[in-house]
Every structure is written in C-alpha cells, then in structure tokens.
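So the structure is just underneath, and the comments pick up after that.
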Amino acid sequence: MRLSLSFRCGPAHLACILLVLPLAARVRGQGDETLNTAIEINGNETSPPPLESETEPEVTSCNCDGCPSSDRVSLGLHKDLVSPDCPEGSVATVTKLRTANTRGTSYDLVTWNPGDFSQDTSINPNYVYRQASEIDQGTTCYEADPDVLPVIGDQSAIEVKLNCEAVICDFQWDVQFGCAELGVLTSSTDGGVQVLSDVDDTITCASPTTTCDSIASCTLEGTIKWYLSGIDRRLEHKEMYPGVAELMLGLALGPGGGNDGEYSPAKAMMLSARPREAQLLLAIDQDSELNVYLENAGDRWNYTNWGANTDSSFYGTIFDGTSFKEFGQSSIEEFSFDIRIRWPHILNNSYISFDLLVSLAQFPAKARHFNTLSSDRPNTQFAFLGDNGQGDVCGAQSMLESANSDQMMAVLIHVVKDPEEQQTACESPEGQDFTLDLPESEKVHYHRTHSEAAIWSLEKGLISCCSASKVHYAVNEWMDCRCEGICPEDGLNTGVSVQTTKNETLAYCEELEVDQKALLDAVDQCDPERECPLHIEVFNSANALLRGRSSYIILGATIGLLLIHLIHLSN
C-alpha cells in the first residue's frame, strides 16, 4: 500500500510548515508500506528530506523506577546529597547513582567534593568526578555506568548535586554512599602512607631559563620568579621527572601493593611554595599539568581514582617570607633589595606581577603544615618528598623533630645541588633558629634519580616489588625517548617527547642508566617468577587518561557509526 499526503501552505504560513513536518514524519507505513509526503509552498510542490530509516532507532531506556527518594526543586536551585563523614584512614565513595527529573526537563548532575564553591566559579572549583557527572548535557535521566562505580573520592565526604535548569524539577534519586580504606593507618597491615610532596625540583624540573645566581642579579635581569621556583637544569622547564609519579603511587599502595584491592591509594597532597593569596592564578587545580601527569600514571596502572589531592593541598602565604632563614639569605640588605626593585615594577605596569609574592613564599612553613595535619590525623602514616635546593631539608628535619615525628615514616630528598652548598641556617615552626643536621638514616634518604629512590624504598619495605617494577618501566620508557630518540607515537606523559641534545640531560641519562641496572637487578631478585605486569600489557603513558576514562565514549561512538552504516544499507 502506498499512502500519499498533500498539504498546501501559503508564504506566511510558517506555523503550518512546522506542524506538517512532524506530522509527516509520524505517519509511517509498517512492513512493505511506504509513505510519500508532498508539501506545496507558494504553489510549488516540495518533498521533505528522506527518512534515514524505516524503523525508529532503539533508545537506551533510563528511568528511576523504584527510586526511594524525591523532591521538587525550582529553577536556579539545587538538591545537595552529601555523604556521611568517613573515619580517619578512609575516603567517601559513591556506590550507587540513579537520578531522574520526572518532568522530562534538563538538569545538571555534579559529583564532587563538598565545599563552598559553585561549579561556575572561576576561583578553583572543587574537584569534580567527571566520570560520574553530566554538566550542560541536557540530562533528564542519569544512571552511572557500573564500570565507574564505586566513585572513590579523596575527602571524608562526597557530594552529588542536582541543579535544576527548568522552572520546576521533580527529582527522584537512588544514591548510596560508602567508605574506602586507604591503608595509611598505623594499624593497617602492609598498608601505605599519605604522601606529602614539594613540587618544583621534586616532581617537576624547574630548569630556570636564566643564568643569574642570586636574588639581586635575577631581579635586575627580570627573571626572579624562574630563579626562585627551583635550580635544577637537568631537564626542560616544567618537565616531570621520570618515575616520580610511579614512586609516589607505590608509596601510597605500600609494601602490600594495596593488598589485592583491599586498600585504595591515598592521593598525594602537595606542599607548594605558591602563596594562597594568589590562588586564583597559581593554585594546583584539577586540570593543572601536574595533576594530569599524576592521574595519567594512576590510570595507566588501573588506579583510576589516584592523582593529586588538589582540594587538600597546602599553600604558603606572603607572610612566610618575613624570616630570612627561610630563604637561606644571609642579610636583610639582599632581601630588602628584592622588594625595592619589584614593587615599582608592579605599580608601573598595566599587568599584575606575582614575582614579589612568589619570592616571599619560597619556603612556606611545610613543617607547620605537617604538624597540623598529623595532629588532625593522629593514626595516619606519612612520607615527605622534597629537594635540597631551597629549604625542604630544613622542613624535613623539623618534621622529624616534632611531637608527631613517629608518624613520619620516610623522607626522600631529591639532590639537585651540591650538599656542601645547601643552606644550613634553619628556623623551626615555633620561630627558633637551628642548624641543619639531617644525615642519611633509616628514615632519610638522599637520591639523584627516582630509580635509586625506588631501590631504597624497596629495601626499607615501603613499596612492593611490582611498584618498583613500575618505576623501572616508566624511567626506561623516558630514556628510550629522551636519551635514544625512540619516542612513543603519542608522546611521553612527562611533557617533552624529543631526543635531548642538552648536556645536562645527557649527563642525567648516564646517571639513570647506572641506577636502572641496579633497580632491574633488585626487581629480578624480588620477582624471580616475573609475576609483576609485563611491559607489553601497559599502554602508552600520554594516552592513559583518554583510554582509562573515555572508553565508554569511544564505544558509544563506534555503535553510533555502526547504526548509521546499517541505516544507509537499508536505504
């Protein structure tokens, strides 16, 4: 049977056209029946666009039938579903997530850390768990994919926020929360530690783009902020050190490697020199290169919830700079000279310079941060990663001499300058002067490469054999590219993916070669059966985040392309 419909619409009958097209699309034959619709506009007969398929495409059903909770919310308001607080040594999780607006109008779903910021603020919004969020997607119903559950947070509580985008939203939901053990308590069996880490010259190479060697000379040159950010020139500016992410992850997992999934690795907390007064521009946020680097490393080894704890990282303050010993300076004249030079620079230019703030906050009270954190978490074990460039060693000594020193399990100091030249005049969090005296010990280790740091950590029972193997693999991949020129197609996660010609980097390659051989020997000893993941099972580091978190998007796109292909074949 052939059904033919004809309509006549005048030149001004736009409403007629808008009504006819949906009607024509709905009057469809079944089986062998076909539909031929013609619309006459201005006396000319025009055929509508051809239908892509004779059958409606299957739509994945989503509903909240049986959801136990509901509430009505007006436009611009939201429903906040906040988990109970989890005890020390654990973090909040979302174990079930089903929501819907029964009115069929759109809403935003945000799973994130609780706090005072809103999602639209420009000032460092809370960490958003994007794998369980739908923002600006016209969502009317949402059910979390089982593959993303549980969503493991990094705070004692986690929040699911439903933002109404219609006049009225009738929300229904079934949201369940839980707690994930981190294994960082002193009572945890084969557990790990809460890693506290400096940033510049510890995770990222400062490689200052200047040749000056003092605050005064660098101020005159206009490169003071590069000088103060760090001193190591072995890599490119802001290139990540190979293996440091894997080492930090290994410390978080502990000697038991997470005890077969019993523990989730605690996200690393940053102790940054950046002043909190300048957080808008300088804070380490979710999309910062540092956090993406750490999250890529976590995703690569199937720890998709690990990275930097951006909401719990500590910052300095411009008032930390009032102590000259905190900078390693010898006189008030040199420090005052820096202020006199930079202040007119800020006033006389149309842009805002944070050189003064950065210089004032170069040695924040990291020991004071440890004292506060360890007091708040009296049963938690910690490890501190720093460098010997600008005061971290003084901070580490203060931590180990504090009332909570028994909670500090390890101090790893990255050697970026001759120890004979490092500062020795220090100041405690209480304002008392002391002379630096922090030799190698059962808790303290100085290292030039993170391969060597992994050997020491393995020997001290701080990381598992497989974690040491991960460090070896990451460093080996970096060396193949940066030292030999055999780079992965998608590049390295560390930020630079070209063979080096820089003398300092070539010398670093030689250091790594020696330490990598020693690390491989250590791994072969502790893993003679080669039970740790083979290198071939690990995908490229720079592509880890995409593959680890967007596989469902790729799958959906593939199915969509297949449907389009089938539709065209049927036509």
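Kindly check whether there is at least one residue in the stretch 472-485 that is part of a loop (DSSP other than H, G, I, E, B), at pLDDT below 95 and either out of contact with any strand residue (DSSP E or B) (no Cβ under 8 Å at 6 or more places or on another chain) or over 30 Å from Phe382 (Cβ atoms) (or both). No: the stretch 472-485 contains no residue that is part of a loop (DSSP other than H, G, I, E, B), at pLDDT below 95 and either out of contact with any strand residue (DSSP E or B) (no Cβ under 8 Å at 6 or more places or on another chain) or over 30 Å from Phe382 (Cβ atoms) (or both). Each residue in the stretch 413-446 was checked for being hydrophobic (A, V, I, L, M, F, W, C), part of a strand (DSSP E or B) and touching a residue at least 60 places away in the same chain (Cβ under 8 Å), and 2 pass. Here Pro275 meets the list (1) open to solvent by less than 20 Å² (accessible area, probe 1.4 Å); (2) modelled with pLDDT of 90 or more; (3) farther than 21 Å from Ala468 by Cα almost entirely, failing just condition (2). For the stretch 131-147, filtered to residues that are touching a residue at least 40 places away in the same chain (Cβ under 8 Å) and more than 18 Å from Asn63 (Cα to Cα), the residue that is nearest to the chain's Cα centre (by Cα) is Gln131. Scanning the stretch 458-503 for residues being basic (Lys, Arg) and open to solvent by 30 Å² or more (accessible area, probe 1.4 Å) gives a total of 2.
Filtering Asn296, Asn302, Asn291 for residues that are open to solvent by 40 Å² or more (accessible area, probe 1.4 Å), polar (S, T, N, Q) and at pLDDT 75 or above leaves a single hit, Asn302.
Listed conditions (1) modelled with pLDDT under 95; (2) at negative phi are all met by Gly256, apart from (1). Looking at Glu401, is it under 25 Å from Glu511 (Cβ atoms), of a type in the set (Asp, Glu) and at pLDDT 90 or above? Answer is no for this residue.
The values are calculated or read from the model by the stated rules, or taken from the named source; none is laboratory data. Keep in mind the model is a prediction, meaning the values are calculated, not measured. Here the Cβ is made from the backbone with ideal geometry for all residues, glycine too, and neighbour counts use every protein chain on show. Surface accessibility is based on the protein's heavy atoms, side chains included, excluding ligands, DNA and RNA. Shrake-Rupley method; radii C 1.70, N 1.55, O 1.52, S 1.80 Å.
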